[in-house]
Structures are given as C-alpha cells and as structure tokens.
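Shown next, in structure tokens, is the structure this report addresses.
Nothing in this text is a laboratory measurement; each read-out follows from the coordinates by a stated rule. These figures come from a predicted structure and were not determined experimentally. Here the Cβ positions follow ideal geometry from the backbone for every residue, glycine too, while neighbour counts run over all protein chains shown.
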Amino acid sequence: MHDRTDPHPPATHWGGGVSPVGTGWRKLMMWWFIITDGLLFAGFLAAYGFLRLAAGSWPERAQMFHLEFIALMTFTLITSSATMATAVGAAQLGNRKLALRFLLLTLLGGTAFLLMQAYEWSTLITAGATLTQNPWGPPAFGACFFLITGFHGTHVLTGLIILAITAVRTARGITQAEGIEMAGLYWHFVDLVWVFIFTLFYLV
C-alpha cells in the first residue's frame, strides 16, 4: 500500500496527464495505423495464396521475372531500412547532421527501389501482362501482382514524401528525435511488407 505521506505518489497511465501505455499520442496513432494497414496487406496476401492454390497451375517465376534484378531491388530496400535505423539512432543521440545524412541516404535508396519497380512493371506490361490477362498462365496472376505490388508501391511513395518532409524539417532544426523515429516506424513497416511480398511472389 502506498504511504500517503509520500510527496511523490506513483503516477498511473491514465491519470495526471501521463500518456496512455507510456507513449505519446502521435506514436500510438502510428502504431495503430501500422497494425490496421498490416492486416489489410495480410488480407491481400491471403487472397493471393487462395487464388494460387485454387488455380492449380501457376506461372514459372523464371519466365516472368529477372530474379537477379528482383534480388537487387530487395537488397536496396533492406539497405534503406538499415540507413533509416541509423538516422533514428543519430537523432536520439542529438546528432542532427548525421541523422540528416542517413535520412537522405534512405530517401535515395527508396527512390532507387521505386524506379526499379517501375522498370519491372514496364517489362511485364510490354510482355502483355495486365490486370485481366497474363501471357504466362492464369489471368488471376496479373490482377494479384499489379494490385499488391502497386499498393505497396504507393506506400513506398508515401514514405518517400514523409522522408523528404522530415529531412527538410531536420535540416531546419524543426523535427525532433520522435518525428524521425515515427518516420522510421513507417519505413520499417514498408520494408517488412516487401519481405512477405518478395517471398510469396518471387521465392515460393
């Protein structure tokens, strides 16, 4: 039992202005967004798995993709996740210049990934793949591929916009460490989703 004479009574998570679950509301909302968006991606990938199993036959990966190029795309995005983690760490240590440098490197890596994905799309579309047809087999493949990778691509583009704004604000000394950390949470989420997409479309 707490001593009533104690001049510093323990705070609770729900009273006295203390943030719920010990975190700020902005970070809490970011986590809620990541969880709900992750469930949406999970639904898309589960539907893809169901359609693939129901189709019986599925196009050979080597016929459609340049797997070495896809591996380079994946390496680029994972590397950008590492540079983002370094930027967050530098911001937490109060090193604004180093944080800005690695934010810019992350921005560069994400842009390179998006450009490579656009090139991959263009090669598939040139070969005749669309949302409704697939020259290598079941038409459902085209719909699944363009929908899921396109949805992920919009997340990457959104992340690049967030990173650009964060970099500008960091250069001006406006963004604090928490702002860079939240941008990092979103970017790591985008990278993690790509790992699942890469596994299901290009490896399995």
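How far is helix 177-198 tilted, in degrees, relative to the longest principal axis of the Cα atoms in the chain, given as a value from 0 to 90 rounded to the nearest 10?
30
Which percent of Cα-Cα pairs in the range 118-204 sits in each 10 Å bin, short to long?
The calculated distribution, bin by bin, is 16, 36, 25, 16, 7, 1.
Taking 0.36 nm per residue of separation and subtracting the Cα-Cα distance, what length does fully extending I174 through M29 add? Could you put the intermediate results ahead of the total?
Numbers: separation 145, 0.36 × 145 = 52.20 nm, distance 2.08 nm.
Residue separation times 0.36 nm, minus the Cα-Cα distance, leaves 50.1 nm.
With axes computed from alpha carbons, what is the tilt in degrees of helix 25-55 against the longest principal axis of the chain, rounded to the nearest 10 within 0 to 90?
Result, in degrees: 20.
Name the trypsin sites (Lys or Arg not before Pro) in the range 55-159 that are in a loop by DSSP and that have at most 13 other C-beta atoms within 10 Å, would you?
Qualifying residues, ordered by number: none.
What do you get for Rg/Rh of the range 22-203 when both radii come from the Cα atoms and Rh is the Kirkwood radius?
Numbers: Rg = 18.1 Å, Rh = 17.5 Å.
Ratio of gyration radius to Kirkwood radius: 1.03.
Per DSSP helix of 4 or more residues, -39500 (n - 2.57); summed, then divided by the residues of the chain. What does that give at 222 nm, rounded to the nearest 500? Kindly include the intermediate steps, with their values, before the conclusion.
On the way: 6 runs with 146 residues, N = 204.
Calculated mean residue ellipticity at 222 nm is -25500 deg cm²/dmol.
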